[in-house]
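To start, the structure itself, in C-alpha cells.
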Amino acid sequence: MAVIRDVMPAFELLQPTSIADAQKLLLQHGQDAWVMAGGMDSFDWLKDRIKKPKVVVDLSGIKELKGIRPTSDGIEIGAMTTLTEVVNHPTVKQKYGLLAQGVELVASPQIRNQGTLGGNVTQDARCWYYRGGWPCYRAGGNICYADTPQGRNREHAILHAERCVAVNPSDSAPALIALDAKFVILTAKGERVVQAEDYFIGPDIDITRLHILEPGELLTSIRIPSTWAGAKFYFEKIRDRNVWDFALLNVASALVTSGNGTIERIRIAVNGAAARPLRLKAVEDAVRGKLPNAETGEMAGQLAVQGAVALQFNAYKIPLMRNLVKRAIGGVKEATWAS
Ligand SMILES: Cc1cc2nc3c(=O)[nH]c(=O)nc-3n(C[C@H](O)[C@H](O)[C@H](O)COP(=O)(O)OP(=O)(O)OC[C@H]3O[C@@H](n4cnc5c(N)ncnc54)[C@H](O)[C@@H]3O)c2cc1C
Ligand code: SF4
C-alpha cells in the first residue's frame, strides 16, 4: 500500500499550560484529540497521514508534568520528563540504576533528548504493516498481515498473541515493572494509580492500543518506591544494530540476596516477546530461595518460555528469551551503574 508523505493534514494545535486545562481540552474533544508529548512517535503517525486527529493537545508547556521529585518513599517522575533527564538524574543513577540502564539504550541521543518517559511507555506498536497504514486487526480490519507464511514477522510476538502478533517496543517498561513503579493517571473521575504491569494491555483486552488509557485520560507521572533501591540489577537489550534500534527482546531484573547468598526477593520482566511487557511471576516464585547461579538461571529460562509459539521467522526469539532470563538470574551484575 502506498503511503503519501507530503503535507501533514491540518489539525488544530492546542497548547495548555496546566494539567487541568489539558484535561478539559481532552474531555471536550474526546476521540478527535491526540495527546502530543515529545512527538517522536506522534509525528510519524501524523506525517504518514495514518492517524488524522482534528485536534492535537501539546503537553510541552505544562511545567507540572516535568521533572523528578523525591517522595516520602522514593521518587516521582513527571510524564513529560525527557529520557535524557531520567538517565542523568543522580538519584535514578544511584538508587534505581535499572531504569537508567534501560532508558539509556532507547534509540539515539537526539531521540532521548526529545522523547519523554510518559511517551515511551505509551508509544504504539512498531509492526511494519500497521505503521504503513495496512488495514489489519489493530487498525480496525479483519486480518493480520504479519502472521502469514510470507509475512514479515521476525520482530513479532512469541507469547500471548491473539489475532495481532505485534509487540510492545518500550525499553523503559520492563525496568519500571521490575522496580515496582506505579503509574498515575488522570481520569474524568480523578486520579487513578495503577501498578506498572497493569498499565499495559494485550489484544485480548483491546487490540487497538497497548495501554489502559481511555480517550481523555492523561498519564501524569510515574512513582518509583524505594522497595528495590540499590538492589542488584540486570538489564540487557538485544537489537540488530547497537544504536537507534528497537529491541528484539530485552530483560530487566532486580534481585536481593539473603545472608547465605540465596535469592530473597526478585522481580523480572521481559519486553519484545508479547504485546505487553511481561512480568515473569512464575520465574520469580521458582527461583526464590535458590542460589543465583547458572543452574537456577537455566531452570528459570526454561520456565520463562513455556507456552511460547514461534511464527515463520522469529523462532530465534525462544532460545534468546531463555538465555536472557538465564543471564538475568545466573549472571546478575552488581549495581555498578551508580557513578
Ligand atoms: C527512530 C526511532 C527509534 C526508536 N527507538 C526506540 C528504542 O530503541 N527503544 C524505545 O523504547 N523506544 C524507541 N523509540 C520510541 C521513542 O522512544 C518513543 O517514540 C518516545 O519515547 C515517545 O515519546 P514522546 O515523548 O516522543 O511521545 P509522543 O510520540 O508524543 O507520544 C507517544 C504516544 O503516547 C501518547 N502519550 C504521550 N504522553 C502521554 C501522556 N502523558 N498521557 C497520555 N498519552 C500520552 C501520545 O498520544 C502518543 O500516542 C524510537 C523512536 C524512533 C522515532
Ligand atoms: S501484527 Fe498486529 S499490527 Fe501487525 S499486521 Fe498483524 S494485526 Fe496488524
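The values are calculated or read from the model by the stated rules, or taken from the named source; none is laboratory data. As the structure is a prediction and not an experimental result, all values here were calculated from the model. Glycine also receives a Cβ, built like all others from the backbone with ideal geometry; neighbour counts cover every protein chain displayed.
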**OP:** Name, by its number, the condition in (1) touching a residue at least 40 places away in the same chain (Cβ under 8 Å); (2) closer than 30 Å to Arg152 by Cβ; (3) over 17 Å from the mean Cα position of the chain (by Cα); (4) surrounded by fewer than 16 Cβ atoms within 10 Å (Cβ to Cβ) that does not hold for Cys164.
**Re:** (4)
**OP:** Search region 140-156 for residues being in contact (Cβ under 8 Å) with a residue 60 or more places away in the chain and near ligand 2 (Cβ under 8 Å from one of its atoms), and hand back the single one that is nearest to the chain's Cα centre (by Cα).
**Re:** His156
Subject >> Asn271 of a type in the set (S, T, N, Q) and surrounded by 16 or more Cβ atoms within 10 Å (Cβ to Cβ) >> reply: yes
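Given the structure, is Glu85 of a type in the set (Asp, Glu) and assigned to a helix (DSSP H, G or I)?
Numbers: of a type in the set (Asp, Glu): yes; assigned to a helix (DSSP H, G or I): yes.
So Glu85 fits the description; yes.
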Original post:
When the residues of region 118-130 are filtered to those that are touching a residue at least 24 places away in the same chain (Cβ under 8 Å) and over 16 Å from the mean Cα position of the chain (by Cα), which remaining residue is surrounded by the fewest Cβ atoms within 10 Å (Cβ to Cβ)?
Top reply: Trp128
**OP:** Might you check whether a residue that is of a type outside the set (Ser, Thr, Tyr) and within 20 Å of Lys237 (Cα to Cα) occurs anywhere in region 126-133?
**Re:** yes
**OP:** Name every residue in region 2-53 that is more than 10 Å from ligand 1 (Cβ to nearest atom), at positive phi and in a loop (DSSP other than H, G, I, E, B), in order of residue number.
**Re:** Arg49
Original post:
For region 166-212, how many residues are part of a strand (DSSP E or B) and in contact with a Pro (Cβ under 9 Å, 6 or more places away or on another chain)?
Top reply: 2
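May I ask you to verify whether Glu191 is surrounded by fewer than 24 Cβ atoms within 10 Å (Cβ to Cβ) and within 16 Å of ligand 2 (Cβ to nearest atom)? Talk me through it step by step, then tell me what you get.
Numbers: surrounded by fewer than 24 Cβ atoms within 10 Å (Cβ to Cβ): yes; within 16 Å of ligand 2 (Cβ to nearest atom): no.
It is false that Glu191 is surrounded by fewer than 24 Cβ atoms within 10 Å (Cβ to Cβ) and within 16 Å of ligand 2 (Cβ to nearest atom).
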Original post:
Quick check: is even one residue across region 202-220 small (Gly, Ala, Ser) and either touching a Ser or Thr at 6+ places or on another chain (Cβ under 7 Å) or over 30 Å from Pro135 (Cα atoms) (or both)?
Top reply: no
Original post:
Got a sec? Which of Gly67, Gly61, Gly133, Gly74 is small (Gly, Ala, Ser), within 16 Å of ligand 2 (Cβ to nearest atom) and surrounded by fewer than 23 Cβ atoms within 10 Å (Cβ to Cβ)?
Top reply: Gly133
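Take the residues in region 259-268 that are of a type in the set (Val, Ile, Thr) and surrounded by fewer than 24 Cβ atoms within 10 Å (Cβ to Cβ), then tell me which one is farthest from Ala315 (Cα to Cα). Spell out how you get there, then give the answer.
Pass one, region 259-268, residues of a type in the set (Val, Ile, Thr): 262-263, 266, 268.
Filter once more, keeping what is surrounded by fewer than 24 Cβ atoms within 10 Å (Cβ to Cβ): 262-263.
Numbers: Thr262: 33, Ile263: 31 Å.
Looking at residues that are of a type in the set (Val, Ile, Thr) and surrounded by fewer than 24 Cβ atoms within 10 Å (Cβ to Cβ), I get Thr262.
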Subject >> Test: residue in region 197-218 that is more than 30 Å from Val165 (Cα to Cα) and either of a type outside the set (Ser, Thr, Tyr) or touching a strand residue (DSSP E or B) at 6+ places or on another chain (Cβ under 6 Å) (or both) >> reply: no
Original post:
Among the residues of region 291-314, is any modelled with pLDDT under 95, farther than 14 Å from Glu236 by Cβ, part of a helix (DSSP H, G or I) and in contact with a Gly (Cβ under 6 Å, 6 or more places away or on another chain)?
Top reply: yes
Original post:
Taking the stated definitions as given, is Cys127 near ligand 2 (Cβ under 9 Å from one of its atoms), touching a strand residue (DSSP E or B) at 6+ places or on another chain (Cβ under 7 Å) and on the phi < 0 side of the Ramachandran plot?
Top reply: no
Subject >> Boolean, Ala107 is assigned to a loop (DSSP other than H, G, I, E, B) and near ligand 1 (Cβ under 8 Å from one of its atoms) >> reply: yes
